[in-house]
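**Q** So that we are looking at the same thing, I have put the structure below in structure tokens.
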């Protein structure tokens with residue numbers, strides 16, 4: 001599955017979860033249900049993936065975890081906040097850089113319509129690989 005098709009399928013799954021649950025729950029509820037929905041659709045996804053910080057060539061586990069990693073390609077950062085802030089995008093860009101993954105989706109479930117809570121970000125490694 002190419003990246004655009006994969007992100008479209010992830011967004012569709014997230015919209016299904018949001019339609020079923022609505023806004024106002026904790027991030028962990030949306031994360032668990034989205035993981036379930038992705039698996040139900042036959043999409044390989046793992047929750048709470050360890051993300052070490054590489055410092056002077058050493059991998060240091062400082063407790064960072066990716067909310068969901070889909071098909072070893074797309075990082076999902078789940079939020080349930082009043083509104084997304086620039087720091088949320090910066091956090092996901094840093095995760096993309098540290099993991100060397102190409103695409104990330106920032107999903108804020110605390111909105112009336114999920115289409116208003118989705119942000120797609122491209123990682124530095126993907127930007128340099130595209131013409």
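The values are calculated or read from the model by the stated rules, or taken from the named source; none is laboratory data. Bear in mind the structure is a predicted one, so any value in this text is a computation, not a measurement. Positions of Cβ are backbone-derived with ideal geometry, glycine not excepted, and every protein chain shown enters the neighbour counts.
**Q** So, of the residues in region 99-115 that are in a helix (DSSP H, G or I) and either surrounded by 17 or more Cβ atoms within 10 Å (Cβ to Cβ) or at pLDDT 95 or above (or both), which turns out to be nearest to the chain's Cα centre (by Cα)? Don't jump to the end; show me each part of the working.
**A** Step one: list which residues in region 99-115 are in a helix (DSSP H, G or I), which gives 99, 114-115.
Checking the rest, the ones that are also either surrounded by 17 or more Cβ atoms within 10 Å (Cβ to Cβ) or at pLDDT 95 or above (or both) come to 99, 114.
Working: 99: 12, 114: 14 Å.
Filtering region 99-115 for residues that are in a helix (DSSP H, G or I) and either surrounded by 17 or more Cβ atoms within 10 Å (Cβ to Cβ) or at pLDDT 95 or above (or both), the one nearest to the chain's Cα centre (by Cα) comes out as 99.
**Q** Residue 46 - would you say it is surrounded by 12 or more Cβ atoms within 10 Å (Cβ to Cβ), at pLDDT 95 or above and closer than 21 Å to residue 124 by Cα?
**A** Details: surrounded by 12 or more Cβ atoms within 10 Å (Cβ to Cβ): yes; at pLDDT 95 or above: yes; closer than 21 Å to residue 124 by Cα: no.
For residue 46, the condition - surrounded by 12 or more Cβ atoms within 10 Å (Cβ to Cβ), at pLDDT 95 or above and closer than 21 Å to residue 124 by Cα - is not met.
**Q** Here's another thing I want to ask about it. Among the strands (runs of 3 or more DSSP E) confined wholly to region 56-97, which include 3 or more residues that are at pLDDT below 95 and more than 12 Å from the chain's Cα centre (by Cα)?
**A** Of the strands (runs of 3 or more DSSP E) lying wholly inside region 56-97, those with at least 3 residues that are at pLDDT below 95 and more than 12 Å from the chain's Cα centre (by Cα) span 58-60.
**Q** Continuing with this model, one more query. Can you tell me which of 35, 21 is touching a helix residue (DSSP H, G or I) at 6+ places or on another chain (Cβ under 9 Å) and surrounded by 11 or more Cβ atoms within 10 Å (Cβ to Cβ)? Spell out the reasoning first.
**A** Details: 35 fails: touching a helix residue (DSSP H, G or I) at 6+ places or on another chain (Cβ under 9 Å).
Just one listed residue meets the conditions, 21.
**Q** Out of the residues in region 28-45 that are in contact (Cβ under 8 Å) with a residue 24 or more places away in the chain and not in a helix (DSSP H, G or I), which is farthest from residue 97 (Cα to Cα)?
**A** 41
**Q** Going by the structure shown, is residue 124 within 16 Å of residue 7 (Cβ to Cβ), at pLDDT below 95 and either in contact with a helix residue (DSSP H, G or I) (Cβ under 8 Å, 6 or more places away or on another chain) or surrounded by 13 or more Cβ atoms within 10 Å (Cβ to Cβ) (or both)?
**A** Details: within 16 Å of residue 7 (Cβ to Cβ): no; at pLDDT below 95: yes; either in contact with a helix residue (DSSP H, G or I) (Cβ under 8 Å, 6 or more places away or on another chain) or surrounded by 13 or more Cβ atoms within 10 Å (Cβ to Cβ) (or both): yes.
No; evaluated as a whole, the condition is false for this residue.
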